[in-house]
Amino acid sequence: MRLFSALYPPDDVIAAIDAAVGERAGGLRWVPPHQRHVTLAFYGDVADDVVPDLGARLERAAAKSSAFSLRVSGAATFARQAARARVVHAGLAGDVEQLTRLADRCSAAARRVNIPVDDRKFRPHLTLGRARLGSFDAREIVSRLSSYESAEWTVTSFRLVHSTLSASVTHTPLQEFALTKT
């Protein structure tokens, strides 16, 4: 099964970023609000019999992590040039260092159960939309959101999520892990 770990901003934060986005550009496939998340680690296809071990390791990662505060801040794109964007995303601000440590722990949990994970540097973001065909000129959207700041929220948990790809993408939370370190 295709898995990733992620944290989900509260509904009011998602609604506020949607209001700030305004009119939706037709050249993007917009991520549905209920699926907007911050990916901590992507695990890819994982054998069913490994999932309990991964869950146990993620539980340990959560136990080593304290709650922290984040806010959505600005926007950018992947590729670097907004005129040729493949992905439009909102940035994150606040306790990004703690967020990065949590992402590192989620990746380490996978490695401990022999799930290969990407070694690229963690780039915290909240994906808003993906180009429908190749790339998209996202300069106007990025400009509109450049000074956007959401309300701050406290991250108290993250989830292990099963992603099903078909005509539409479905995200099914399998487990939720409370950040418990005090």
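Worth pointing out:
- Every listed requirement among (1) farther than 26 Å from Val13 by Cα; (2) modelled with pLDDT under 95 is met by Val50 save one, (2).
- Filter result for Leu70 (assigned to a helix (DSSP H, G or I), under 30 Å from Arg144 (Cα atoms) and either touching a residue at least 60 places away in the same chain (Cβ under 8 Å) or touching an Asp or Glu at 6+ places or on another chain (Cβ under 7 Å) (or both)): no
- Members of the stretch 163-182 that are over 16 Å from Glu59 (Cβ atoms) and either over 16 Å from the mean Cα position of the chain (by Cα) or part of a strand (DSSP E or B) (or both): Ser163, Thr164, Leu165, Ser166, Ala167, Ser168, Thr170, His171, Thr172, Thr182
- Taking the criterion of being hydrophobic (A, V, I, L, M, F, W, C), more than 23 Å from Val21 (Cα to Cα) and within 16 Å of the chain's Cα centre (by Cα), the only residue of the stretch 63-95 that qualifies is Phe68.
- Meets criteria (in a helix (DSSP H, G or I), of a type in the set (Asp, Glu) and surrounded by 11 or more Cβ atoms within 10 Å (Cβ to Cβ)) for Asp49: no
- Taking the listed residues Arg139, Arg120, the one that is without any contact (Cβ under 8 Å) to a residue 24 or more places away in the chain and farther than 27 Å from Thr180 by Cβ is Arg120, with no other qualifying.
- Neighbours by Cβ (under 9 Å, 6+ apart or cross-chain): first from the stretch 93-111, free of Cβ contacts under 8 Å to residues at least 12 places away in the same chain; second of a type in the set (Phe, Trp, Tyr) and not in a helix (DSSP H, G or I): Glu97/Phe68
- Residue in the stretch 108-119 that is loosely packed, with under 15 Cβ neighbours inside 10 Å, under 18 Å from Gln81 (Cα atoms) and at pLDDT below 95 present: no
- Which numbered condition Leu160 fails, given (1) in contact with a Leu (Cβ under 6 Å, 6 or more places away or on another chain); (2) part of a loop (DSSP other than H, G, I, E, B): (2)
- Positions within the stretch 129-152 being surrounded by 17 or more Cβ atoms within 10 Å (Cβ to Cβ), out of contact with any Lys or Arg (no Cβ under 7 Å at 6 or more places or on another chain) and hydrophobic (A, V, I, L, M, F, W, C), in sequence order: Phe136, Ala138, Ile141, Val142, Leu145
The values are calculated or read from the model by the stated rules, or taken from the named source; none is laboratory data. No experiment lies behind these values; they were computed from the predicted model shown. Cβ atoms come from the backbone with ideal geometry, glycine included; neighbour counts cover every protein chain shown.
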